[in-house]
Structure formats: C-alpha cells, structure tokens
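Data first, discussion second: the structure below is written as structure tokens.
The values are calculated or read from the model by the stated rules, or taken from the named source; none is laboratory data. Just so it is clear, the model here is predicted, and its values are computed rather than measured. Virtual Cβ from ideal backbone geometry, glycine too; neighbours counted across all protein chains shown. For accessibility, only protein heavy atoms count, side chains too; no ligands or nucleic acids. Shrake-Rupley method; radii C 1.70, N 1.55, O 1.52, S 1.80 Å.
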Amino acid sequence: MRYLPLTNEDRKNMKEVIGITDVNQLFASVPNNVPLDPSFNLPDHKTEMEVGRILSQIAGKNINSNQVPFFLGAGAYKHHIPATVDHIIQRSEFLTSYTPYQPEISQGTLQYLFEFQTQVSLLTGMDVSNASMYDGSTASAEAVSMAKRITKRNKVILSPTLHPQYAEVIKTLISSSEDSVEYKFSECFEVDSLISKIDDDVSCVVVQNPDFFGECYSLENLSKYCQSKGALLIVVVNEVVSLGMMKSPGSMGADIVACEGQSLGNSLNFGGPYIGLMSTKDKFVRQLPGRIVGETNDVDGEKGFVLTLATREQHIRREKATSNICTNSGLCSLAFTIHLSLLGEKGFKKLSKLNHEAAIKLYSRLECLDGFEVINKTFFNEFTIKLPIDAETFVEKMASKGVLAGVPVSRLLNKKDNFLNLLVVASSEINLDSDRDEFIRLAKEVCYE
Amino acid sequence: MSNNRGLDHDEKLLFEVGDISKTGVDLPDPENIKNMLGSSCSDTEIGLAGLSEPETLRHYVRLSRKNYSIDAGLYPLGSCTMKHNPRLNEKMARLEGFSEIHPLQPISTCQGALELIDLISTWLKELTGMAAITMTPKAGAQGELCGMMAIKQALIFKKESHRKVVLVPDSAHGTNPATAAFLGFDVRTIKSTQEGLIDFEDFKENIDEHFAGVMITNPNTCGLFESDIVKISELTHKSGGYLYCDGANFNAVVGKLKPGDLGIDAMHINLHKTFSTPHGGGGPGSGPVVFSKRLENFCPTPLVKKINGKYDLIENLDNKELSNSFGRLNVFHGQMGMFVRAMSYMLSHGSDGLRQVAEDAVLNANYLRESLSMHLTPAFQGYCMHEILFSDEFLNDTNVETLDFAKAMIDEGYHPMTIYFPLVIHGALLVEPTETESKQSLDHFIETLKGLVARVKNDSDSFKEAPIFTPIRRLDETQAARKPILRWREEVPAKA
Amino acid sequence: MADIFYTKDHEWIKVDNGEGVVGITAYASEQLGDIVFVELPQKGMSFDQGKDVAVIESVKAASEIYTPATGEILEINSSLEERPEVVNNDPLGSGWLYKMRVLKPEELKSLMSEEDYNKLIGAKS
C-alpha cells in the first residue's frame, strides 16, 4: 500500500529481532473477551484513481459559489484569494510541521505567528492578540469566559442582533446555574436599550459590529457606560474586511475583540476550518486563552520567538487553566497572514471599499424594486431585505433558477415568528454587474410569477 | 559577512521588510461612491505592511526553511501520531464542490456535502463499533469537552446531578482533568500500578454515590493497553457512571478491535492523528466524538440524517431529534475541509489497510523498543503498543538531563520525542514512530540514539550546549514570560 | 520573638503579635525554577486556612499557594509585579508574598516546625 513503507521482508526481519512469529503476539494484552481482527462492513483499500472518482462524484452533487451568482454571508464570506496563498501553505515545512514546541527548529512558524499577532492587533486596534482560536464563535465564548474571570461577575448581556449561532455557542459553553446569559433576538438594536440593562452584576456586554443584519454602529457611548459600571465591552466582528473602512473596535473602547478571520486566505469550505481572532488590552494579557508567541533572545543573543505564557494553558494548569483549548488554527492563520501581507494597507483598504461599493450597487437596484425593502440604515457589505414572500421559499426558487441569493434569517432561528420574510444578502468584490442583473431579474420572477 | 549562510537566509519581520505603500494584489479602482456606513466610517491608518508577490514568496519561503517537518524527517513524538500526510488528501479537499460551498446554502444545493459528512460518520461508527457520532468538535480537546458535556447532560436528564466526581488516572494528559474541572466536576486522581496500568483497586475504592464517570486513555499514555478496561467499564456502568475514552492513541488499535467492545460511552477521535490530516504547524484539527447508546440522545447540534434518499441537516435545538442535546459547540457544521482529507485517507486504506496501519505502527514501536532497550531505559517490561516510554535512568551518573538529550537530537537532524510526559515517570521520553516510517528510517534513528547514549557519558558539555547547528539556539523562555513582547511595535524616535 | 511555621506545601509563615508574613521556602523556589509571574490576593480579603490565595508561575509550571492560616490580607508585596525573580533570589526575606492578620492562632499548632519541615524535604531529596 502506497502509504506503508514496510515490505513483507522487513516485517519478517523485525519480528525476528523482537522474537515473535505473529504480530498478534504484540496484542496479547487485549483481554480475551474483546474480539481481535473483527470484520467491518467497509470496503477494502483503493487506488488514488478510484478514490478520486468517488470523491469527485460526491463533490459534483453540490452547487458551488464559483458556478453561479453568489450572495451569501451571515458569518462566512467569499473573497478572491490570491494564488500565492494556497501555494505557500502547501509547502512541506508549513503543511506538515508540528506545533512549535521546539522553537530552535520552528522559527518559521513562530515568526509568522508573531507577525500574525501584530496584524490582528493593528486591525482590531488593540494592544495584544493570541495566535488564533478555532473560529469566531468559540473566540466570542472564550471572550465572555475571560470577562467573567476578570470582573468576577456572572451576568452576561448579548446584543439582540448577535449571530444566533454565536449566541447558542456562548450559552452552551457558559451555562450553569449561577450564570445568566441574556439574549433576545430582534432586528433592531438600540444602544440605549442595552445601556439600561447594565448593572453592577454584569461582567460583559457582547455586541456584533456590523451586526447579523449588517447594521454598523459607533460604540463609544456604550463603552463609556460599560466602563463606568465596571463591565467589559466585547466586540464581535464576523467580516474582517469591514475593518478597512470602519472605526476599529479598539478605538471605540472595546476591552476584548473576537473575530471570524475566514474572509482572508480561507475558502468557504462548508463552514470549516475557519479561524478565530482574539485581541485585548495589555492589562488583560494573562487572562487571554490560547497559544501566544513572544519574542526573546537565544544564548548567543540572537533574536528569536517562542510560545510563551504557557502556564495559562491546560497541559500545565490542568484544573485551573484559562480554557481547555489546546490548539490554534495553524495553517488557517498562515493563509490569513499571507493574504494580508499581499494586500498591505493600500490593498486592504481598496478591497474594503470595493466590497462596500458592491453592496451599494445592489442596494440601489433593490431600492427601485417594488415590494423589496432594505431594512438597514447603514451597512458595510451585507444588508437585510424584507421580501414580499417567505425568504426560505425565495431562496429555494432562486437556487433552482441558478442564483445563490442569500441567507433567510429564519434558517438560524428556532422560533421563526416575525422573521419569515427577511433575507440577509452579502456582496463582495467577486460580484459582477451581470450577477446583480441576474439577481434582480430572477427576484422579480420568483416573487411575481 | 552578511547574516546569510549559504542556503540559509536571514529574514526580518514582515513589518521591517514590507511597507504600507506596497501591495501584491491587483484590484480595480473603487468608484468613490458616497458611503453608507454612517458614523462608524473611518479612514485612519491601520499600519499594515504590504509586499509585492515576489517579495511575499521570498519572505515566506525563507521562513519555511527554518522549520522541521514530517516531509523532511521523523517526528518520534509520543501520542501525536506524526504520520505521513498524503497529498491526495490535499487535492480532494480542493475540489471546488467541497471548498467553494457556503455552510448556509439551501440543503438542496449541497447534498454532496451532507453525503460526505454522512459517509465519514458511517465509517467512524463502523470502525469504532459505536452507536452515534457528532462531527462538530474542531479539535481533540474540544472533542473531549463534547464527550464530557454529553455525560453531564445525561446525568442532568436522569436527575442525577449529585454525581459530581470524575476519576482521572495520574498518567492522563492535562486536558482531561482541565475539561472535567471546567464543567464543574470534582476531579480525583487514581494511581497507576508498577506496571504502568490503572490500579483497579484504587479505582474501585474511589467509587461512591457521587461517581459520575472516569476518563481513560487506551492504549494509555505509557504506551500500554489497559487490560482491565472491560472490568473498569463494567464496574463504571454498574456504579451509575460513564466511561470516557481519550482516543489520542487510536492508531494502535484501529482496524484491530472496536472500542465499542471495550464498553466505552464516548471517545473523541483525532483526525489529525489517526487519520492523517496535516498538523499544519499547530492546526486546524478535527475531533469528532462517537457515543454509545447510553449517550446518543445528548449529542450537540447539528446532525446529518438521510431521509427517503435525501440528506437533511438538523440544526434547530427545537427539533425533536435534538430535544436532549446539550447545545451547540461551534458556529456552522464542523471542519469540512478535514473531513474530506480524512475520507480520502480512509477510502485509500480501506478497513484492511487500516488494520495493517495499526499492526505496522505497533511493530515499528516494538522494533525500536527491542533495539534500544539496552541503551535507553524502558519504563516498563514487556511489549508496548504503538509507543514506548523510557525513563531518564540511563542518564544517571551523568549531568545530562532529558531536556539536554532532546536538544542534542536536534543537532543530529531529528525532532525530539515527547519529553517530561507522562508525569508518572521521571524525565520521561515517549517515542511513537508511526507506521509510515520505513525500516531504514528506524535503523538510522536507532543508530543515532545509540551514538548519543555512547557520547553522553564522556561528553556531557556538548549536550548542555546543544543545539548548535540550528538557525537559532536555546531561547530564554524565562525572559519571554517575565517581559512578554507579543507583537511588533513601531519604534517611536526618542524626543530630542 | 517571631515564630516560624511551615506547611507541607512548602509555604512558611512568620508570626509576631497576631500578624503573619507568608512566603515560599527555598526548596519550593528551586523546584519551580525561574519564576516569571506572581499573582497575589487583594488587600482586605479574608481566607480560611488551606484556601488557595495566590499563584506562582514559572515557565513550565504554576503553583497554587495555600494560605497557612485563617485571616485577613493586610499587605501584599507589590514589588513582585515588576520583579518576580526576587522570590527566587530571596524567598525567605525580600521575596515575602503577603502579610496577614492571624485570626485563629490555635491553627498554627497543626503546622510544622523548621526541624520537621527539613525532615520532610530531606526525605524528598
């Protein structure tokens, strides 16, 4: 078999050295009442060709975002990824290397992570970042956990326009009888209404910006009020490209920032692997979970990098760890940092503008359409339309006509109630005028045929 | 001379070689339409250094050359299963039909994706002999959290929340007690015997009316099969508890036996260990969890089900299939990119090939044990499974410690084995070759270690100095922790 | 005349007139290796004997400090924030961790004398 180097001759020689005749002698410690070498209802080995055929066939049963006009967002966004990114991450030394626990032979990984941490801090406007988490949702949950540890308080307030699955994740991870996580999903978020809920028991307020519906906020007032009450402001960003045109969460007074970084360097991949970004202020760094890379010197005085502040992590603190996380998103963070290095300041800001303009172009076309109402006052590259018909029906019919039109809000909810006609639509630099033409033409057809 | 040496190039930080005016991506010019961002709009400088495409390639290629990798050499890391990462996996994961689909597309447009998830679920349930599975955890540690949350949920459902004690062997990996404590369980440690196995009597003594469950690793972190496992699972169930199995060492028994036959209730599987998905310098991983019938109702959302020939994704916690679920661990549906890679590997090997994987892994480890037992000190007598544990006894009468020995291996071209784990053996060295090492590779490794052991008695200074051939030498980790510098900062010129 | 007592977890407490100074022993400091961070309790807080009140972190380990006696924290050694290495250099003197009011002096009887503590660590080496 192509992945197994041992020949039968090798096996024979090695068994002789060990002093056995049958490999099952090495499995003698398995108790007798456990069947060894059972039969499995699974096929035997296959050649590369055969595997390729099987998986290509399965892949072919999906409509993918390269084949049709594409307008989905709601936590995962399609952008053009330069060819260089995928090429570099497939280099042996990046793809097949282990966690950099032996820094002398991992400076490649450690240096790019140090650069990545710097980029994330700059983007979010914060002092310090870790080397990534699994995704934006777990980063948000970890941020809440962190805020509770720092403030020693239990109440958590989630903005009503936080991504519903993010809220589910936070509730799952932070659930116990002493906690109260407040979350009532709604399509409107008034900063003042949140302020009235903040009392001395509140550990943190979690606000998504731009929010699930695409609305954009200034959070200075909210952050000032949180500070006056000793609560921490956690800002969640689902679309990092928005940071090219919006005030950074740090500049608006955020204490902890949790982002989904998938937009840069990482394909849609049906939901994973993605990459969580987490940043905070210097004074909270020892409460930051996950891996962190730091700069230091070697015995010759040369500058180098190491994993540091490891005593927060579970393999050392065991029961008292800041989190049970044991990994970062490795290759996904490399893809992120390469893409952002290629873009640079100018490219990133340009990309951001192009995304915003793509959304404005679609918005202008929709304004002229009877029965279609964009409910947002502001947006970056994503907004929500109130349709004349049920959104899930709309999306199915649009798909059958060859357009992936957006995400029905009701898809994310258990209780659908008032949200049945709402559709979240994302635009990006990949959308052409012809894509928007198709969307408008077919939307009219679907709603009024 | 410059800082370069032959093919090894010194490479400064991105922020030192790049510039905010440079870019390596061509984009059309924006039309400068009036923006609709409202008061949140900003054009402040962020400070992102950029590079052209050739400079980008050079920067990252130079960095890559400072990394060891499995493609370049053996990683004898115990419990990490650093096996070859097949390139077919990478090709399959990049099929557009998998990589370019959005998680929230209408179900009718992504039937192939759901079929793939269903296929890998079927394979993993069949290989483990378990009743149910969740594919959603994104890493082994999260898989462990998932398994223990299901157990906690089951106890709440049975109105037995007074059961708060979780037993963990003293040889366990730190994630085990951390996970249990995080969930509010009281963790009690059970002792190991002189033979490196769970002390069954100590286990029995620690069971009372508060017993919630036990977390074991099998084969355990000493590289040995817990031969009392069936006794342990039977007593666990009789006493009203659950058995969680850390599946990090599944490579020793995959295709040879079904963990379900051992009586386990939940086990996480590391796709990046047993199933060859790449380690990527630290991630991404994937940690699906298999469940017994006793726990199948408590799985997290979402589930993939096949109904009348069509696949469906059951996501809403109000759905009756999820009525006892403990909730949601992550946004969306799991690490699809890693599922495709692992599926490509499983289809390639088949169940016959996977059995050979376990046999070769265990054979390779025992070949190393036999060849090195007179040079290093095996911690336990008898055959091992897929990894061998050594103590630092062979270093007595020298002033060389396990750490120095490991650093000296680096100069010989090898990534060191796992050191100082498990904690039950002094100065532990845990070696796992995996099945993808050839006999030639193992023989070279054996000769190298023998050479090092021979040197250690006469030449201990060189061990203290090692490594000397790497791009950087031993780093001051104390300084890094005392005065953390965790990012580049622009130097502000001193005021005159 | 101050009395010194030791715990089995390698803390010492020097008691004089109902006030105690707490630190870790030279043995503990050596075992931990280079200390990188010290997390101290807040002034004014009260703890029962045996509660974990502080954490000492080295590069590879973190150790809980269990307070040797029940009482209120009067003062903490804030110089350790900038210079945690002082605990390595002078664990019995300037590396003190915190000062406390001893509320239940009878508890001190359950602690070890210097002689008993030295026997304990002698057995360990």
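Let me confirm one metric for peptide A:377-386, namely the mean number of other chain beta-carbon atoms within 10 Å of its residues' beta-carbons.
On the way: counts 2, 7, 4, 5, 0, 0, 1, 0, 0, 0.
Average neighbour count from other chains, rounded to a whole number: 2.
All other residues with a Cβ under 12 Å from the Cβ of A:ARG11 taken together, and with Lys, Arg as +1 and Asp, Glu as -1, what is their net charge?
Details: positive: A:LYS12, A:LYS15, B:LYS439; negative: A:GLU9, A:ASP10, A:GLU16, A:ASP22, B:GLU359, B:ASP360, B:GLU435.
So the surrounding residues net to -4.
Which number gives the lysine pairs in the stretch C:3-124 that have C-alpha atoms under 21 Å apart and are eight or more places apart or on different chains?
21
Please give the net charge around A:SER410, taking every other residue with its beta carbon less than 13 angstrom from that of A:SER410, where Lys and Arg add +1 and Asp and Glu add -1.
Numbers: positive: A:LYS386, A:ARG411, A:LYS415, A:LYS416; negative: A:GLU187, A:ASP390, A:GLU392, A:GLU396, A:ASP417, B:GLU315, B:ASP318.
Around A:SER410, the surrounding residues sum to -3.
So, for the stretch A:155-226, what is the accessible surface per residue at a probe of 1.4 Å, expressed in square angstrom? Write down the numbers at each step before the final one.
Working: 2570 Å² over 72 residues.
On a per-residue basis, 36 Å².
How many partner chain Cβ atoms sit within 10 Å of a residue's Cβ in peptide A:348-355, on average, as a whole number?
Numbers: counts 7, 7, 7, 4, 1, 8, 5, 1.
Across the residues of A:348-355, the mean count of other-chain Cβ atoms within 10 Å is 5.
Using per-residue counts of other Cβ atoms within 10 Å, averaged over each peptide, order B:235-246, B:169-180 from highest down. Display every interim value, and only then the final one.
Numbers: B:235-246: 21.6, B:169-180: 25.2.
For the peptides B:235-246, B:169-180, the packing ranking is B:169-180, B:235-246.
When Lys and Arg each count +1 and Asp and Glu each count -1, what net charge do the other residues less than 13 Å away from A:ASP200, Cβ to Cβ, add up to? List each step's numbers first, then the result.
Working: positive: A:LYS152, A:ARG153, A:LYS155, A:LYS197, A:LYS229; negative: A:ASP199, A:ASP201.
With Lys, Arg at +1 and Asp, Glu at -1, the net is +3.
Which whole number gives the average count of other chain Cβ atoms within 10 Å of the Cβ atoms across peptide A:287-298? Write out the running numbers ahead of the final one.
Numbers: counts 0, 1, 0, 0, 2, 4, 5, 10, 10, 11, 6, 7.
Counting Cβ atoms of other protein chains within 10 Å of each residue's Cβ and averaging gives 5.
With +1 on each Lys and Arg Cβ and -1 on each Asp and Glu Cβ, and nothing else charged, work out how big the dipole of the protein assembly as shown is about its Cα centre, in Debye to the nearest 20.
On the way: 107 positive and 143 negative charges, 348 e Å.
Computed charge dipole of the protein assembly as shown: roughly 1660 debye.
Highest mean first, how do B:85-93, A:336-344 rank when packing is the count of other Cβ atoms within 10 Å averaged over residues? Mind showing how you got there, number by number?
Numbers: B:85-93: 20.7, A:336-344: 27.2.
For the peptides B:85-93, A:336-344, the packing ranking is A:336-344, B:85-93.
Placing +1 at every Lys and Arg Cβ and -1 at every Asp and Glu Cβ, with all other atoms neutral, what dipole size does the stretch B:356-480 have around its Cα centre, in debye to the nearest 20?
Details: 9 positive and 21 negative charges, 35 e Å.
For this selection, approximately 160 debye.
Please name which of B:ALA428, B:ALA480, B:ASN458 has its Cα lying farthest along the dipole of the stretch B:356-480 towards the positive end, using unit charges on Cβ (Lys, Arg +1; Asp, Glu -1) and the Cα centre as origin.
Farthest towards the positive pole: B:ASN458.
With the cut-off at 24 Å, tell me which of the pairs B:LYS66/B:LYS464; A:LYS303/B:LYS22; A:LYS415/A:LYS444; A:LYS361/A:LYS416; A:LYS152/A:LYS283; A:LYS353/B:LYS22 have Cα atoms farther apart than that. All intermediate terms of the calculation are to be shown ahead of the outcome.
On the way: B:LYS66/B:LYS464 22 Å; A:LYS303/B:LYS22 26 Å; A:LYS415/A:LYS444 28 Å; A:LYS361/A:LYS416 30 Å; A:LYS152/A:LYS283 16 Å; A:LYS353/B:LYS22 17 Å.
Where the Cα-Cα span goes over 24 Å, the pairs concerned are A:LYS303/B:LYS22; A:LYS415/A:LYS444; A:LYS361/A:LYS416.
Return the carbon/sulfur percentage of the accessible area of chain B, one whole number, probe 1.4 Å, all protein chains in place.
Details: 8620 of 17720 Å².
Taking all protein chains in place, chain B shows 49 percent carbon and sulfur surface.
Mind ordering A:364-373, B:134-143 by average Cβ neighbours within 10 Å, highest first?
Working: A:364-373: 13.1, B:134-143: 27.6.
In decreasing order of mean packing, A:364-373, B:134-143 become B:134-143, A:364-373.
Positive end of the charge dipole of the stretch A:83-339 (Lys, Arg +1 and Asp, Glu -1 on Cβ, about the Cα centre): tell me which of A:VAL85, A:GLY261, A:MET146 has its Cα farthest that way.
After comparing all options, I get A:MET146.
Give a quick list of trypsin sites (Lys or Arg not before Pro) in the stretch A:140-205 that DSSP marks as loop, anything other than H, G, I, E or B, with at most 15 other Cβ atoms within 10 Å.
A:LYS152, A:LYS184, A:LYS197
Need one number: nm distance between label points at B:ASP26 and B:HIS375, each 7 Å from Cα along Cα→Cβ, rounded to one decimal.
Using points 7 Å along Cα→Cβ, the separation is 5.7 nm.
Summing both sides, how much accessible area is buried between A and B? Use a 1.4 Å probe and give Å² to the nearest 100. Intermediate results must be reported in sequence, preceding the final value.
Working: alone 23580 and 26580 Å², together 32920 Å².
Rounded to the nearest hundred, the buried surface is 17200 Å².
Return P(r) of the stretch C:3-124 (all Cα-Cα pairs; 5 Å bins starting at 0; whole %; ordered from short to long distances).
In order of increasing distance, the bins hold 2, 12, 24, 25, 21, 12, 4, 0 percent.
For the stretch A:56-76, list whatever residues lose no less than 40 Å² of accessible surface once every protein chain is in place, relative to that chain by itself, with the probe at 1.4 Å.
A:ILE58, A:ALA59, A:LYS61, A:ASN62, A:ILE63, A:ASN64, A:ASN66, A:LEU72
For chain B, list the DSSP H helices whose alpha carbon atoms reach 24 Å or more along the long axis and whose average Kyte-Doolittle value is 0.0 or above?
Values: long enough: B:111-128 (25 Å, 0.47); B:140-157 (25 Å, 0.86); B:336-372 (41 Å, 0.03); B:439-456 (25 Å, 0.06).
Sorted by number, the helices that extend far enough and score high enough are B:111-128, B:140-157, B:336-372, B:439-456.
Taking the Cα centre of chain C as the origin and placing charges on Cβ (Lys, Arg +1; Asp, Glu -1), which of C:SER110, C:LEU80, C:GLY44 is farthest toward the positive end of the dipole?
The listed residue farthest towards the positive side: C:SER110.
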